[in-house]
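Here it is: the structure, laid out below.
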Amino acid sequence: MALKSLTLSKFQITWLVVLRVAVGWHFLYEGLVKVLNPNWSSIGYLLDSKGFLAPFFYSLTANPTILSIADFMNQWGLVLIGLGLILGAFTKIAAYSGMLLLAFYYLSHPPFTGITFAMPTEGNYFLVDKVFIEFCALAVVTVFPTGNNIGLDRFFKKNKNY
């Protein structure tokens, strides 16, 4: 069955919207916590990176200007992605941007056996962690653009069908 011909029930749309808003809330909250804390910096997180991209993440901390740009982009990226998801505005752009940010988080702190981090974790993971699960949730949001039904996207789109 082609996605264009798929008809979703109100119940299905409701839960897809709940998923979109919940992920959006998480992004918005994480962003606001960072924006509102004048002492927040990603330096500790970046220096705790492991895996094959660790040298890249370490290099972001070497130059204070680059670090401040990375901090700004992280803080406001989280806020804008969160607002987009919550409001259903530019939902696909917000979801893809969130997936990109989550990919960086995942690659900087990969959940592989034998890797330990200075920052405490919530459990023991192997490949699938909460970052990966949220990444998958955003993938669902891109496939089912509920902002066209319940969100500001419906005012921007000419074609309101999936």
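Each value in this text was obtained by applying a stated rule to the coordinates, not by laboratory testing. Everything numeric here is computed off the predicted structure, so don't read it as measured data. Please note: Cβ atoms are built from the backbone with ideal geometry, for glycine as well, and neighbour counts cover all protein chains shown.
Only Cα pairs under 8 Å and at least 6 apart count here; give the relative contact order of the chain as a rounded whole percent.
Values: 189 pairs, mean separation 48.5, N = 162.
Reported relative contact order: 30 percent.
Using the count of nearby Cβ atoms within 10 Å as a rough guide to exposure, how do Met99, Met73 rank from fewest to most?
Ranking Met99, Met73 by Cβ neighbours within 10 Å, fewest first, gives Met73, Met99.
For region 102-111, take each phi angle, set θ = phi - 60°, evaluate the Karplus expression 6.51 cos²θ - 1.76 cosθ + 1.60, and give the result in whole Hz per residue in order, putting x for glycine and proline.
5, 4, 5, 4, 4, 6, 7, 9, x, x
Under a 5 Å amide H to amide H cut-off, with H placed in plane at 1.01 Å, what residues pair with Gly88 once short-range neighbours are removed?
Close amide H contacts, sequence-distant or interchain: Leu152.
Same structure, new question: Rounded to the nearest 20 debye, what is the charge dipole size of region 1-87 about its Cα centre when +1 sits on each Lys and Arg Cβ and -1 on each Asp and Glu Cβ?
380 debye
Connecting C-alpha atoms closer than 10 Å in a GNM of the chain, tell me which of Pro55, Pro38, Pro145 has the biggest fluctuation.
Pro38
For mean projected area of the Cα convex hull in nm², which listed value, [x] 8.1; [y] 11.3; [z] 18.3, comes from the coordinates shown?
Correct label, based on the coordinates given: [y].
Report, in deg cm²/dmol and to the nearest 500, the calculated mean residue ellipticity at 222 nm for the chain, where each DSSP H run with n ≥ 4 adds -39500 (n - 2.57) and the sum is divided by the residue count.
When only DSSP H runs of four or more count, the value is -20000 deg cm²/dmol.
Starting at the first residue of region 17-30, write each ³J(HN,Hα) from the Karplus equation 6.51 cos²θ - 1.76 cosθ + 1.60 with θ = phi - 60°, in whole Hz, x for Gly and Pro.
5, 4, 4, 4, 5, 5, 5, x, 4, 4, 4, 4, 4, 4
Right, next: If you only keep lysine pairs separated by 8 or more in sequence, or across chains, how many in the chain come under 26 Å at the Cα atoms?
Number of lysine pairs found: 16.
Can you sort Thr14, Thr7, Thr91 by how many other beta carbons sit within 10 Å, fewest first?
Fewest to most other Cβ atoms nearby, the residues stand as Thr7, Thr14, Thr91.
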